[in-house]
1. Could you count how many Lys pairs in the chain have their Cα atoms under 22 Å apart, skipping same-chain pairs fewer than 8 positions apart?
2. By per-residue mean of other Cβ atoms within 10 Å, what is the highest-first order of 77-86, 25-34?
3. Which whole-number percent gives the relative contact order of the chain, counting Cα pairs below 8 Å spaced six or more residues apart?
4. With no other cysteine's Cβ closer than 4.7 Å, which Cys residues of the chain count as lacking a disulfide-compatible partner?
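Each reported figure results from applying straightforward, stated rules to the coordinates on display, with no laboratory input. Here the structure is a predicted model, which means the values were calculated and not measured. FYI the Cβ positions are ideal-geometry reconstructions off the backbone, even for glycines, and counts take in every protein chain you see.
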Amino acid sequence: MKIYIAGQITGDKRYKAKFREAEKHLTAAGHIALNPATQPAGLSPADYMRVCFAMMEVADVVLFLQDYQESRGAMLEWSWCQYVGKQTCYDLACFGGGRE
């Protein structure tokens, strides 16, 4: 299963480790993790969101990390999922990868 990881990046100094940990859990459970924290530096916020929406479009499910409500970008992702009916989950346990 292809799983996009959504959560707070801006303002979180630990975001790379947090997203990497979620990615490890997902891949260990046999899934393909789509990790937005691996994008190159230097893009505009709008460009980052364009890439994220493309990743979500191909994902089977969007996993929202615990802090997603603290992020404007992740809340846009959440709203998009609700609007288009994309399957969502709020815990790594949904995918056999343990708890966050």
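1. The number of close lysine pairs in the chain is 6.
2. 25-34, 77-86
3. Averaging sequence separation for qualifying contacts and normalising by length gives 38 percent for the chain.
4. Those would be C52, C81, since no other cysteine Cβ in the chain comes under 4.7 Å of theirs.
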